[in-house]
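The values are calculated or read from the model by the stated rules, or taken from the named source; none is laboratory data. These numbers come from a predicted model, not from an experiment. When we count neighbours, we look across all protein chains shown, and the Cβ atoms used for this are built from the backbone with ideal geometry, even at glycine. SASA here: full protein model, heavy atoms, side chains in, ligands and nucleic acids out. Shrake-Rupley method; radii C 1.70, N 1.55, O 1.52, S 1.80 Å.
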Amino acid sequence: MSARILDGKAVAARIIEQLAQQTERLTQAGKRPPALAVVLVGEDPASAIYVRSKKQDCAKSGIRSISHELPASTSQEALLALVHSLNADPEVDGILVQLPLPAHIDADAITAAIDPAKDVDGFHSYNIGRLAQKMPTLRPCTPKGMMTLLAETGENLVGKDAVVVGASNIVGRPMALELLMARCTVTICHSATHDLPAKVRGADIVVAAVGRPQFVKGDWIKPGAIVLDVGINRLDDDRITGDIEYEVARERASWITPVPGGVGPMTRASLMENTFIAAGHTL
Ligand code: GUN
């Protein structure tokens with residue numbers, strides 16, 4: 001069997017087109033479009049590319065993006081002061097501070113300072129806590145985008161065995177909470193997990209979010225499993241590859257996300273959706 005492709009690029013484009021139509025209706029009704037403040041500190045090349053893509057998606061959705069590009073030498077106090085001023089600004093609905101931040105800045109302190117109602121990344125403890133209690137408010141973008149992709153399969157998720165490889169605060173843990181809310185039986189695997197291949201072999205749904213190229217081997221995939229790959233790894237020859245051995249996995253899975261063009265665009269589409277929600281609109 002060869003897997004059907006979960007085309008995140010196409011699904012994201014559809015979401016963004018719908019949001020653009022919604023913005024059009026808002027402006028026709030005399031209301032301002034949603035506004036997202038995008039904060040980039042320093043010159044990390046990957047972050048610069050991500051931020052540029054996010055601003056392009058804002059433009060396509062009709063969202064006003066307000067860019068703050070600060071030097072790597074920016075102090076924690078100065079960044080906190082910016083966050084506080086964005087919190088207080090009624091013209092700003094969402095605040096995104098691109099991670100990673102320079103080493104002298106405490107990223108957790110910055111995340112905690114963002115008004116949870118403007119935390120369109122869904123990283124604030126309040127928003128994570130709401131998700132943990134099955135009452136999500138602003139949901140972390142990458143897990144949210146993957147749940148949208150799972151809905152696209154039309155498969156019933158209830159009772160499925162899901163394995164999440166990677167336990168980060170921004171992807172693995174909140175994805176496990178999303179899958180639990182969808183009534184999957186969830187296992188979170190991490191660097192201390194014993195016999196990872198056996199865990200993955202038992203999974204109806206596999207999520208790989210470890211940041212290591214082709215870490216999850218294709219022959220670990222249970223025939224018919226749904227496979228979601230969060231990884232974006234650049235190889236020495238500049239090719240981009242995911243965390244899953246795609247060519248082998250696709251022969252076993254029922255559905256699989258490509259890299260690029262799978263989860264990545266869905267993260268940004270979810271960010272656009274969250275900006276609408278933060279602006280008080282229903283989708
Ligand atoms: N760095 C890598 N992914 C993300 C993300 O989703 N949001 C932010 N703010 N920074 C990131």
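Quick notes
- Karplus-derived 3J(HN,Hα), 6.51/-1.76/1.60, for each residue of region 160-173, Hz, glycine and proline x: 6, 8, 10, 10, 9, 9, x, 10, 6, 5, 9, 10, x, 5
- Chain lengthening between N169 and S53 when straightened (0.36 nm per residue, less Cα-Cα): 39.5 nm
- Amide H contacts for S67 (H built 1.01 Å from N in the peptide plane; partners 5 or more residues away or on another chain; cut-off under 5 Å): V38.
- Dipole-positive endmost among N127, S270, L26 within the chain (Cβ charges, Cα centre): L26
- Exposure check, 1.4 Å probe, all protein chains in place: D44 carries approximately 60 Å² of accessible surface.
- Too-long pairs where the Cα-Cα distance tops 25 Å, listed order kept, from K134/K217; K134/K160; K54/K199: K134/K217; K54/K199
- Two-site FRET efficiency, A20 against L99, from Cβ-Cβ distance with R₀ of 35 Å, rounded to 0.05: 0.80
- The distance between label points at D89 and A46 comes to 2.8 nm (points 7 Å beyond Cα on the Cα→Cβ vector).
- Among the GluC sites (Glu not before Pro) in region 202-268, those placed in a DSSP loop whose Cβ has at most 16 other Cβ atoms within 10 Å are E251.
- Measuring r between the beta carbons of K134 and A72 and using R0 = 51 Å, the FRET efficiency lands at 0.80.
- Principal-axis analysis of the Cα atoms of the chain puts helix 141-153 at an angle of about 50° to the longest axis.
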